[in-house]
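In what follows, a single structure is set out as structure tokens and then discussed.
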Amino acid sequence: MSSPDTGAPYDPHAEVHLGVFQVGVGSLIWDHPDAAPHTAIDTFTGVARLLERGLFDAFFLGEGLRVRENRGRAYELDVAGRPDAITQLAALAAVTERIGLVATQNTTYNFPADLARRLASLDLLSDGRAGWNIVTTDNAWTGANFRHGGWLEHERRYERATEFVEAAKALWGSWEPDAVAESGDAKSWARPGSIREIERDTDLVRLRATATVPASRQGRPVLFQAGDSAGGRELAAAHADVVFSANTAFDKAVAYAADLRARLARHGRSPDSLRILPGASVVLGDTRAEAEEKARWIHHQQVSPARAIAFFEQYWGTDLSAYDPHGPLPGIDPSEDELDPSRGTLMPELRTGKLARIAGWRERSEREGLSMVDLARLVTTRHDPFVGTPGEVADRWGEYVRTRAVDGFNLLPDLLPASLEEVVDRLVPELQERGLYRTAYEGTTLREHLALPPGA
Amino acid sequence: MTAARPLLLAVDLDGDGAHPAAWRDAGRPPGAVLGAAALRRAVAAAEAAGFALATFADAPLPPPDAAGRLEAGTRAAFASTITDRIGLAPELHVTTTEPFHLATQLASLDHASKGRAAWVVGAAADAASLATIGAAAPDAAALRREVRDVIDVARALWDSWEDDAVIKESATGRYLDAGRVHHVDFEGASFTVKGPLITPRPPQGQVVVLAAASLDVDDRADVVLVDEPDGGDRAGLTFAEVEVVLAASAAEAADRAARLDEGAPWPRTPGRLRHVGTPAGLAEALRSLAGRVDGVRLHPAVLTADLPALARDVLPALASDGLHRPPAPGGTLRDVLGLPRPASRHTTAT
């Protein structure tokens with residue numbers, strides 16, 4: 001059997017790199033005795049320490065700069081409320097030693113010098129464990145919380161993101177390595193001329209600033225990029241160290257890897273200069289059947305009857321609370337407006353075509369005799385979770401990494417901390433047994449954990 | 001003497017110390033100030049000494065003598081999980097940040113520290129600081145409005161989630177009560193904020209706000225850092241500011257100060273007192289401030305030298321006079337300062 005073309009040769013020694021993406025809000029399970037309080041610092045500290053015990057590369061925090069809404073009010077059914085990521089990760093840096101600490105931060109609603117400075121400070125205080133997951137926002141609804149409001153038109157957000165990242169990199173590289181004096185007897189604190197002022201003056205990024213800190217032991221924060229559009233892929237190929245991809249299914253992962261590595265080559269970068277970590281959820285059981293049953297239970301928790309009504313309200317654009325979630329779809333016509341982003345950033349494919357989608361649902365639910373909650377569960381079924389025994393999942397992951405379709409996964413836990421405890425206690429040992437996972441941390445920085453070349 | 005009310009004691013922990021030449025006398029390589037170990041030591045020493053509050057001075061650009069500086073909010077957050085009683089107050093500037101992020105960062109610090117967050121209101125207004133965000137320096141009137149607007153919106157955002165907004169009601173499947181999470185619809189002179197905050201209400205309800213008297217926001221601050229300990233009638237607490245250079249004798253202290261000044265002059269900050277002398281002399285000076293102010297923020301010239309002297313010789317002397325009471329573990333900063341926990345402005349009367 002020939003290995004699929006991922007743009008990199010089959011590697012029998014490839015290992016799985018693992019991170020955890022803690023979104024912090026949304027359809028996490030909260031109505032369960034094992035669910036830890038979602039905003040308590042002790043919950044985050046516990047997870048970070050658990051991940052260190054499991055020898056993970058990184059702990060990611062998500063970001064959303066506006067509380068999600070349904071029909072103009074805070075959306076009630078999902079977990080909501082989360083901390084500022086850099087603040088929280090700095091608090092975790094003090095009580096952890098190895099785990100990478102990655103903050104999702106927005107290039108649309110931040111000032112480049114201010115954000116670069118906070119990330120560099122986290123990088124120094126964690127002694128080289130900081131990462132930045134670069135995201136953009138394209139809606140004025142989120143912008144209503146910021147000085148700049150909805151100033152940036154959709155097409156230009158990756159242009160700004162690219163200029164923003166380039167400015168941040170320039171600031172991070174603006175101190176020469178030996179800039180700081182070695183003793184208090186020196187003539188001055190820093191060697192004159194060893195720190196460059198950085199200036200940018202375009203219509204998207206304007207600043208004149210001197211960095212207040214030098215580089216950390218890993219050079220600069222590791223850059224993650226999550227956008228899957230052409231603009232996002234180009235930004236990744238030009239600047240990212242890691243992509244947090246949405247392409248988890250094997251065939252899609254292969255195609256994505258090949259596309260990304262071709263882009264890397266066009267940017268003069270080696271195929272090994274970028275790690276690919278798609279998002280993934282894992283459900284484990286003693287048998288395949290038990291794991292599948294658990295996956296069904298989780299999905300049913302996440303799409304409760306109340307959430308099914310709210311899901312369709314987002315599409316109908318009107319109050320459907322009088323309808324029975326166990327009954328058929330509402331007979332009334334939905335509003336003509338497309339979906340608004342108030343329930344969180346929309347995938348591009350959901351931005352248009354609402355009425356056609358609803359028509360398709362009507363047809364399907366009539367044909368198959370589906371209730372609203374049945375239909376909601378079907379159409380929101382999560383793509384490609386890894387469901388099975390620890391050994392089965394370890395075998396599948398081995399195929400993913402050795403074909404170089406991915407370098408590992410960013411886990412999306414459903415239930416904190418239980419989903420992660422079983423990965424650490426049951427899946428990690430299976431991976432180690434197969435030579436697919438480290439048995440101890442070898443380095444101390446995030447860049448070292450990810451086996452990345454020095455950053456530029 | 002009869003015991004006045006205990007003085008609330010704060011200390012600024014920025015860098016190697018308040019003196020611009022502190023790095024020469026810190027007894028460690030100059031770059032050490034940019035790492036975790038130095039911060040850990042300073043915070044642990046301040047907490048062990050019994051200070052009620054540690055502040056972290058900051059500015060958008062490096063200090064003028066080119067020493068580096070970690071961002072203050074990040075420093076305070078790092079300190080939050082390795083302490084359990086000292087208040088933590090980063091200086092965050094209203095002019096060079098997003099007000100929404102600023103309010104979120106401080107609320108998050110309050111959660112991470114379990115109710116020990118405070119904010120020293122910074123108002124960098126020089127052209128070079130504003131250039132870091134590509135903006136022009138504001139004139140005096142615009143700066144005054146901006147300071148007020150950012151404090152007001154931060155306070156509105158901290159109230160935007162009522163204390164009991166998270167209900168976790170199994171029967172209805174509701175995690176939140178939307179009726180207890182509010183838009184703020186703030187309209188300032190130079191920006192608007194819709195709200196609510198993305199972070200639930202801080203444990204203290206409102207993060208403690210410290211502002212210099214010169215910013216003219218006494219009515220908006222919980223603690224006013226006063227220019228002159230004038231005993232003036234203010235609604236909030238007043239703290240005097242005292243810079244210190246300590247040594248076993250007055251002559252040795254003067255020598256230390258002179259040696260530091262040779263490295264770089266230490267300009268006077270208007271309104272700040274300066275004590276160059278013995279710990280006993282400082283204790284005496286602080287006794288004389290008790291009754292005229294509620295607290296004092298100390299600015300050690302060199303942290304590694306003056307902080308141990310404060311801990312060993314000054315705070316215990318005040319404590320034995322009943323003029324200093326170290327905070328107990330687990331309390332909030334508001335508890336320690338004797339400030340009530342405000343109800344959210346949205347709380348429905350019951």
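Things to note:
- Qualifying residue in the stretch B:209-217 (condition: out of contact with any strand residue (DSSP E or B) (no Cβ under 9 Å at 6 or more places or on another chain) and either within 11 Å of chain A (Cβ to nearest Cβ) or free of Cβ contacts under 8 Å to residues at least 60 places away in the same chain (or both)): no
- Among the residues of the stretch A:364-385, those that are under 30 Å from residue A:323 (Cα atoms) and assigned to a loop (DSSP other than H, G, I, E, B) comprise A:369, A:370, A:371, A:380, A:381, A:382, A:383.
- Within the stretch B:102-114, considering residues that are in a helix (DSSP H, G or I) and more than 7 Å from chain A (Cβ to nearest Cβ), the one nearest to residue B:155 (Cα to Cα): B:103
- Candidates in the stretch A:216-248 are the residues that are crowded, with 20+ Cβ neighbours inside 10 Å, of a type in the set (A, V, I, L, M) and free of Cβ contacts under 8 Å to residues at least 60 places away in the same chain; of these, the one that is farthest from the other protein chains (Cβ to nearest Cβ) is A:237.
- Being in contact (Cβ under 8 Å) with a residue 24 or more places away in the chain, within 8 Å of another protein chain (Cβ to nearest Cβ) and on the phi > 0 side of the Ramachandran plot is a description that applies to residue B:195.
- Scanning the stretch B:264-318 for residues being of a type outside the set (S, T, N, Q) and under 23 Å from residue B:64 (Cα atoms) gives a total of 19.
- Count of residues meeting criterion [crowded, with 16+ Cβ neighbours inside 10 Å and out of contact with any Ser or Thr (no Cβ under 8 Å at 6 or more places or on another chain)] in the stretch A:359-371: 2
- Residue tally, condition part of a loop (DSSP other than H, G, I, E, B) and farther than 24 Å from residue A:42 by Cβ, over the stretch B:53-84: 15
- The stretch A:249-298, residues that are assigned to a loop (DSSP other than H, G, I, E, B), small (Gly, Ala, Ser) and in contact (Cβ under 8 Å) with a residue 60 or more places away in the chain: A:249, A:270, A:281, A:285
- Of all the criteria given as (1) assigned by TED's automatic domain parsing to the domain that holds residue A:416; (2) under 24 Å from residue A:21 (Cβ atoms); (3) out of contact with any helix residue (DSSP H, G or I) (no Cβ under 7 Å at 6 or more places or on another chain), the one not satisfied by residue A:239 is (3).
Residue-wise test of (1) charged (D, E, K, R); (2) in contact (Cβ under 8 Å) with a residue 40 or more places away in the chain; (3) surrounded by 24 or more Cβ atoms within 10 Å (Cβ to Cβ); (4) more than 9 Å from chain A (Cβ to nearest Cβ).
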{"site": "B:6", "(1), (2), (3), (4)": "no, yes, no, yes"}
{"site": "B:40", "(1), (2), (3), (4)": "yes, yes, no, no"}
{"site": "B:49", "(1), (2), (3), (4)": "no, yes, no, yes"}
{"site": "B:56", "(1), (2), (3), (4)": "no, yes, yes, yes"}
{"site": "B:69", "(1), (2), (3), (4)": "yes, yes, no, no"}
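- Set A:179, A:161, A:130: member being without any contact (Cβ under 8 Å) to a residue 60 or more places away in the chain and either among the small types (Gly, Ala, Ser) or in the same structural domain as residue A:48 (by TED's automatic domain parsing) (or both): A:179
- Only one entry in A:118, A:98 is of a type outside the set (Gly, Ala, Ser), under 30 Å from residue A:175 (Cα atoms), touching a helix residue (DSSP H, G or I) at 6+ places or on another chain (Cβ under 9 Å) and at the interface with another protein chain (Cβ under 7 Å from one of its Cβ atoms), namely A:118.
- Scanning the stretch B:133-148 finds one or more residues that are of a type in the set (A, V, I, L, M), outside any loop (DSSP other than H, G, I, E, B), buried (at least 18 other Cβ atoms within 10 Å of the Cβ) and more than 8 Å from every other protein chain (Cβ to nearest Cβ).
- Verdict on residue B:99 being within 15 Å of the chain's Cα centre (by Cα), surrounded by 21 or more Cβ atoms within 10 Å (Cβ to Cβ) and within 11 Å of chain A (Cβ to nearest Cβ): no
- Members of the stretch A:196-213 that are charged (D, E, K, R) and within 7 Å of chain B (Cβ to nearest Cβ): A:206, A:208
- Scanning the stretch A:47-71 for residues that are within 12 Å of another protein chain (Cβ to nearest Cβ) and either on the phi < 0 side of the Ramachandran plot or free of Cβ contacts under 8 Å to residues at least 24 places away in the same chain (or both) turns up A:48, A:49, A:61, A:62, A:63, A:64, A:65, A:66, A:67, A:68, A:69, A:70.
- Each residue in the stretch B:192-216 was checked for being at pLDDT below 95 and among the β-branched types (Val, Ile, Thr), and 0 of them qualify.
- Odd one out for residue B:10 among (1) without any contact (Cβ under 8 Å) to a residue 24 or more places away in the chain; (2) among the aliphatic types (A, V, I, L, M); (3) not in a helix (DSSP H, G or I): (1)
- Filter result (buried (at least 21 other Cβ atoms within 10 Å of the Cβ) and more than 22 Å from residue B:216 (Cβ to Cβ)) within the stretch B:120-132: B:131, B:132
- Within the stretch B:265-281, the set of residues being part of a loop (DSSP other than H, G, I, E, B) and at negative phi comprises B:265, B:266, B:267, B:268, B:269, B:270, B:272, B:278.
- Within the stretch A:78-104, being surrounded by 24 or more Cβ atoms within 10 Å (Cβ to Cβ) and either among the polar types (S, T, N, Q) or in a loop (DSSP other than H, G, I, E, B) (or both) holds for A:80, A:81, A:82, A:83, A:84, A:87, A:88, A:99.
- Test for residue B:227: is it out of contact with any strand residue (DSSP E or B) (no Cβ under 7 Å at 6 or more places or on another chain) and in a loop (DSSP other than H, G, I, E, B): yes
The values are calculated or read from the model by the stated rules, or taken from the named source; none is laboratory data. For clarity, every value in this text was computed on a predicted model and none was experimentally measured. Every residue, glycine among them, receives a Cβ derived from its backbone with ideal geometry; neighbour counts consider all protein chains shown.
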